[in-house]
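Report on the structure given below.
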Ligand SMILES: [Cu+2]
């Protein structure tokens, strides 16, 4: 108590002294210094962080871009929840992903309640991670699926991290599409060399879309793609086998899209939410195109 009583007075005295000194410096044209020291320039930028939100138990943000030239290659997961959570690699859905998805092999970490875990992601590519306490891998669709009755449902506890850098041998064309009777893109991730073309084919009866939610972070959807809506005609509008839709991606970046007929983009969570009547609910009809 005694110390607390004098503390404010000491601060007032110190403030007055600094003020006096500053005033004195202002009056003299030849004054060269003051007692105020500027804050040191930051030498290391902050490490990218992904938080586990205590309310939704989701990874926030959903998409993180890491630039090793300015930020290093570590990503810290901070668990703000009162229970432990896991960070695990999503198994590859398809051999075409092997060149650029989860390129460092399996990651399996537990983050204690209130604690954090730092991952060193040195190889360029996409890291697709999930929390198996809140989500599971759908055995048929090979996508991360929110467990029923979880706090974040229908959103799944998934984090997509793109570590920038050169990936050798990316193709100039890729194929994706929609299977008959399903509201699902065959591939969650495709990758292209800059200037390449991605084509989607619709084997379903109805129309689907490759909708651009717009730019929402550095290197995420850096340019509008196509007309922003990008309809793919199904077999009703393009008989007998359905139509193709092709987009050319000239600017490097991570492009995230959704089908506007079967999902919505949530601007707060910056990710897609499946329509309850879409066939693979709770998983949203979405996908990524990595371009570099
Ligand atoms: Cu659709």
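Remarks
- Test: residue in the stretch 252-271 that is away from the ligand (no atom under 16 Å from the Cβ), touching a strand residue (DSSP E or B) at 6+ places or on another chain (Cβ under 6 Å) and under 17 Å from residue 186 (Cβ atoms): yes
- So residue 172, is it within 16 Å of the ligand (Cβ to nearest atom) and surrounded by fewer than 21 Cβ atoms within 10 Å (Cβ to Cβ): no
- Residue in the stretch 223-240 that is more than 13 Å from the ligand (Cβ to nearest atom), at positive phi and within 17 Å of the chain's Cα centre (by Cα) present: no
Laboratory data are not the source of any read-out in this text; all were calculated from the coordinates shown. What you see is a predicted model; the values in this text were computed from it and never measured. Here the Cβ is made from the backbone with ideal geometry for all residues, glycine too, and neighbour counts use every protein chain on show.
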